[in-house]
Amino acid sequence: AVLPFINISDDPEQEYFCDGMTEEIINGLTHIKDLKVIARTSAFMFKGKNEDIREIGRKLAVNHLLEGSVRKAGKKIRITAQLIQVSDGSHLWSEKYDRDLEAIFDIQDEITLSIVDALEVKLLKKEKQALLTHSTTNEKAYNLYLQGRFLWNRMTLNDLDNAVTCFTKATETDPDFALAHFGLADTYWVLHQLVPLPANEAMPKARDAAMKALELDSTLAEAYALTGMILYAYEW
C-alpha cells in the first residue's frame, strides 16, 4: 500500500501535489501483475492519522507500506520515500530526492522502480514499458491535472466546478493528455450524480471526453469503466 505523502512545504496549498504524487505511484505499481496494490480509497483512509505502521499494515492486509514526504519551494522539490516491512516495522529501502520540479516524472519512475527492486519483483518488458509511460510530459498540464483530481476528491459542488476548470485548462495546455480528458469526463459524471447538471447536459460532455481519452490512450481502464457506466445509465 502507498500511504498519502505528507506535505511539509511552507505552503499548505501544495497538498494537492502530494496527493497527486501518491496516486501516480499507485497507478504505476498497478501495472505490475506480481504485486497486489491497495486502492487509493483504502490507503487514503489513513491520511493525517498517526497510527502504528504495523497496525495500518494489518488493517490493509499488506506486507509492505510506502510512505514519504514532499517539500516544494518554487521550482525545487525534495521528496523522501521509505519502503517499510510491516511485520517488524523495518526499512527495506529509503531515499531522498533533491531535484528541479521539471524532473517530477523521473522521480516517480525512480521511486516505483526502487520499490520493485527492493521487493525483488521481476518485470516483464511490457510491464516496465507501461510503468515508465506517462500521459503527458508537460509540467503545466500535469500540475493542472493534479489540482483537478485533488478538487474532485473533495466532492463539493464548488470544488467540482473548479475541477472542470482545471481539467479543461489541462486539455488546452496539452490536447494529447488522455488523463486530463478522462478527469473532465469523470467530473461531469459526478456533477450529474449530485443533480446540479441534468443528464442531457452532463452525459454527452462526459461521453465525449471519455471517448477522447480512449482515442488518445486505448489502455486507459478508467475511461472504459466510465464509458460503460454512461452507456448503462444514460444511453440504456
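Which residues, taken from the range 41-62, are of a type in the set (V, I, T) and more than 13 Å from the chain's Cα centre (by Cα)?
Taking the range 41-62 first, the residues of a type in the set (V, I, T) are 41, 53, 56, 62.
Residues satisfying the conditions are I53, I56, V62.
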Do we have I56 as in contact with a Phe, Trp or Tyr (Cβ under 8 Å, 6 or more places away or on another chain), among the aliphatic types (A, V, I, L, M) and over 26 Å from S135 (Cα atoms) here? yes
Return a yes/no flag: does the range 38-51 have any residue that is farther than 24 Å from E15 by Cα and touching a residue at least 12 places away in the same chain (Cβ under 8 Å). no
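For the condition out of contact with any Ser or Thr (no Cβ under 8 Å at 6 or more places or on another chain), surrounded by 14 or more Cβ atoms within 10 Å (Cβ to Cβ), on the phi < 0 side of the Ramachandran plot and not small (G, A, S), what is the one hit in Q85, Q129? Outline the logic, then answer.
Working: Q129 fails: surrounded by 14 or more Cβ atoms within 10 Å (Cβ to Cβ).
Sole residue among the options that is out of contact with any Ser or Thr (no Cβ under 8 Å at 6 or more places or on another chain), surrounded by 14 or more Cβ atoms within 10 Å (Cβ to Cβ), on the phi < 0 side of the Ramachandran plot and not small (G, A, S): Q85.
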Given the conditions (1) open to solvent by 40 Å² or more (accessible area, probe 1.4 Å); (2) modelled with pLDDT of 85 or more; (3) not hydroxyl-bearing (S, T, Y), every one holds for F44 apart from (1)
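Can you tell me which of I6, I26, I38, I32 is within 21 Å of the chain's Cα centre (by Cα) and open to solvent by 70 Å² or more (accessible area, probe 1.4 Å)?
Just one listed residue meets the conditions, I6.
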Filter the helices (runs of 4 or more DSSP H) completely within the range 164-236 down to those with at least 3 residues that are farther than 25 Å from Y16 by Cα and open to solvent by 70 Å² or more (accessible area, probe 1.4 Å). 199-216, 221-233
Just name the residue that is farthest from the chain's Cα centre (by Cα) out of those in the range 145-163 that are charged (D, E, K, R) and open to solvent by 40 Å² or more (accessible area, probe 1.4 Å). D161
Would you please list the contacts, defined by Cβ atoms under 6 Å and residues six or more apart or on different chains, that run from a residue in the range 204-217 that is within 13 Å of T171 (Cβ to Cβ) to a residue that is of a type in the set (V, I, T)? A210/T227
Residue list for the range 110-145, filter: assigned to a helix (DSSP H, G or I), among the acidic types (D, E) and over 25 Å from Q14 (Cβ atoms): D117, E127
Test for E139: is it open to solvent by less than 50 Å² (accessible area, probe 1.4 Å), in contact (Cβ under 8 Å) with a residue 12 or more places away in the chain, among the acidic types (D, E) and within 23 Å of T219 (Cα to Cα): no
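Somewhere in the range 51-68, is a residue among the acidic types (D, E) and under 28 Å from K126 (Cα atoms)?
Taking the range 51-68 as the starting set, the residues that turn out to be among the acidic types (D, E) are 51-52, 55, 67.
After this cut, where a residue has to be under 28 Å from K126 (Cα atoms) as well, the list is 67.
Yes, the range 51-68 contains at least one residue that is among the acidic types (D, E) and under 28 Å from K126 (Cα atoms).
Tell me the helices (runs of 4 or more DSSP H) entirely within the range 1-109 that contain at least 3 residues that are touching a strand residue (DSSP E or B) at 6+ places or on another chain (Cβ under 6 Å), among the polar types (S, T, N, Q) and closer than 26 Å to A221 by Cα. Can you show your working first?
Values: elements: 15-29, 40-43, 53-60.
Because the criterion is at least 3 residues that are touching a strand residue (DSSP E or B) at 6+ places or on another chain (Cβ under 6 Å), among the polar types (S, T, N, Q) and closer than 26 Å to A221 by Cα, no helices (runs of 4 or more DSSP H) in the range 1-109 meet it.
The values are calculated or read from the model by the stated rules, or taken from the named source; none is laboratory data. What you see is a predicted model, and the numbers here were worked out from it, not measured in a lab. Positions of Cβ are backbone-derived with ideal geometry, glycine not excepted, and every protein chain shown enters the neighbour counts. Please note that ligands, DNA and RNA were not included when accessible areas were found on the heavy atoms of the full protein model with its side chains. Shrake-Rupley method; radii C 1.70, N 1.55, O 1.52, S 1.80 Å.
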